[in-house]
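The values are calculated or read from the model by the stated rules, or taken from the named source; none is laboratory data. This is a predicted model, so every value here is computed, not measured. Every residue, glycine as well, gets a Cβ built from its backbone with ideal geometry; the counts of neighbours run over all protein chains shown.
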Amino acid sequence: MNIQPMLFHDRRDAGVHLAKAVAHLARSKPLVLALPRGGVPVAFEVARALEADLDLLFVRKLGAPGYEELGIGAVVDGADPQLVLNEDIVRQLGPTPEYIRAEMRRQLAEIDRRRRTYLGNRTPIPATGRTVIVVDDGIATGGTVKAALKGLSKAHPARLILAVPVAPAEVIAALREECDEVICLYAPYPFYAVGAHYVEFDQTSDAEVVSLLDAARPEHSSQSA
């Protein structure tokens with residue numbers, strides 16, 4: 001039995017492999033959404049292979065009153081930002097509607113700051129009515145991705161697909177409830193860490209994110225064709 005771990009050379013190599021697995025979606029002219037920063041090099045290769053639009057998907061946790069590390073929910077970026085609450089924790093802690101609104105505004109401001117850093121004044125590409133492919137470099141616990149999928153579903157995409165190179169099988173099984181399709185190239189058992197399945201897994205820099213997003217712009221692609 002072969003027990004060698006599946007290794008991608010780096011995130012862009014993983015993106016090349018992932019693009020082949022989602023090639024059947026090219027006809028739908030999908031919108032590829034990358035979770036920054038690590039998901040961007042992967043998503044860039046997917047979007048390039050499918051000749052698809054590429055945008056970023058920011059997810060920010062809403063911290064509990066007096067204990068910011070405890071998430072009472074999340075806000076999901078987009079043309080129409082969505083609030084996703086953890087109803088169990090909200091019931092237990094009872095934060096006021098005013099607190100939730102203020103915390104949402106605070107996190108949306110941080111999302112706006114980060115979006116401007118990477119995309120300048122470009123506005124989010126609407127997901128409504130589109131086939132949307134959410135891409136990351138891998139999943140460990142799935143909390144952020146779950147919030148992202150829940151938020152995106154409120155934007156009413158035609159189809160919502162999660163595509164990742166590697167993730168634990170039990171996490172993938174749980175995430176299937178949040179979208180129309182999950183494409184995962186490798187679900188190792190036991191699962192230790194996303195980076196264990198890459199030869200190179202350095203932190204993706206802001207400069208690389210900006211460079212890839214610029215290269216993915218339609219006007220840039222047409223000029224360089």
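Observations on the structure shown:
- Taken over the range 119-143, the criterion of being buried (at least 19 other Cβ atoms within 10 Å of the Cβ) and not in a loop (DSSP other than H, G, I, E, B) is satisfied by Thr131, Val132, Ile133, Val134, Val135.
- Residues in the range 56-70 that are buried (at least 19 other Cβ atoms within 10 Å of the Cβ) and under 15 Å from Thr144 (Cα atoms): Leu56, Leu57, Phe58, Val59, Arg60, Lys61, Leu62.
- The condition of being modelled with pLDDT of 95 or more, among the hydrophobic types (A, V, I, L, M, F, W, C) and assigned to a strand (DSSP E or B) holds for only one of Val16, Val40, Val32, Val46, that being Val32.
- Only one of the listed residues (Glu110, Glu51) is of a type in the set (D, E, K, R), in the same structural domain as Tyr186 (by TED's automatic domain parsing) and surrounded by fewer than 17 Cβ atoms within 10 Å (Cβ to Cβ). That residue is Glu51.
- Test: residue in the range 82-97 that is in contact (Cβ under 8 Å) with a residue 40 or more places away in the chain and part of a helix (DSSP H, G or I): no
- When residues in the range 152-176 are screened for being part of a helix (DSSP H, G or I) and buried (at least 24 other Cβ atoms within 10 Å of the Cβ), 1 of them pass.
- Any hit, the range 176-186, residues being more than 17 Å from the chain's Cα centre (by Cα) and among the acidic types (Asp, Glu): no
- So Gly78, is it touching a residue at least 24 places away in the same chain (Cβ under 8 Å), under 22 Å from Arg113 (Cα atoms) and either not small (Gly, Ala, Ser) or not assigned by TED's automatic domain parsing to the domain that holds Asp214 (or both): yes
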